[in-house]
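The values are calculated or read from the model by the stated rules, or taken from the named source; none is laboratory data. Not measured: the values here are computed from a predicted model. Cβ placement follows ideal geometry from the backbone for every residue including glycine, while neighbour counts extend to all protein chains displayed.
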Amino acid sequence: MFRLYVLIFIVAILGGVGYSAKYYYDTTQNTIATLRDNNAKLEVAVDTAQTSVETLQGDIVKLGKLNKSLQQDLQKAEQYGDELRAKLSKLDLVVEALKGSKSLEGKMNGATANLWRDFMGDTGGNAKRPLPNWLQPVPAGAGSQSSNQSGENSDTNSSSTEAASSQ
C-alpha cells in the first residue's frame, strides 16, 4: 500500500510539473505574440516618425530658402524706401505746389495710376486698362491760369488769418 501512495504521489508531482510546464509554455507564447504585435506597431510608428522627420527637414530647408528670399526682398524694399525718403527730403512740396500745381498734380496722378496698375497686376486684375479721365495729361496751356479769380489771399494758414483779422 505504501508503494501505491508513493506511486500516486510521484504521478501527482509529475502531473503538477507537466501542468506547470504547459501553463508556462502557453503564457510565454501569449507574451511572445503580444510582444510581436507591439513590435510590429512600433516599427510602423518608427517608420512614420522617420518619414515625418525627413519631411520636416525638407520643409526647414525650403523655409530657410524662402526666408532668405524674403529677407533679400525686405532689404531691397527698405533700400527703395530709403531712396524715396532721400528724394522726398530733397523736395519741397509746398514750393513745388505753389509754383506748378498742375505739373505736380499730373506727377502725383501719374504715380497713383502706376501704383494702382501695379496693384491690379499683382492681384490678377487687368493692369492694361487705360487711364481714367481724371488722370489724362493736361493740355500745355491749361494750367497757367490761377483758379483764384478774385485776387484774394487763398492761404489757409490759420495763424496768418488770425493775424490779418486782429490788425
query: surrounded by 10 or more Cβ atoms within 10 Å (Cβ to Cβ) and modelled with pLDDT of 95 or more, is that true of A40?
result: yes
- prompt: Mind checking which residues of segment 21-52 are over 55 Å from the mean Cα position of the chain (by Cα) and of a type outside the set (F, W, Y)?
  reply: A21, K22, D26, T27, T28, Q29
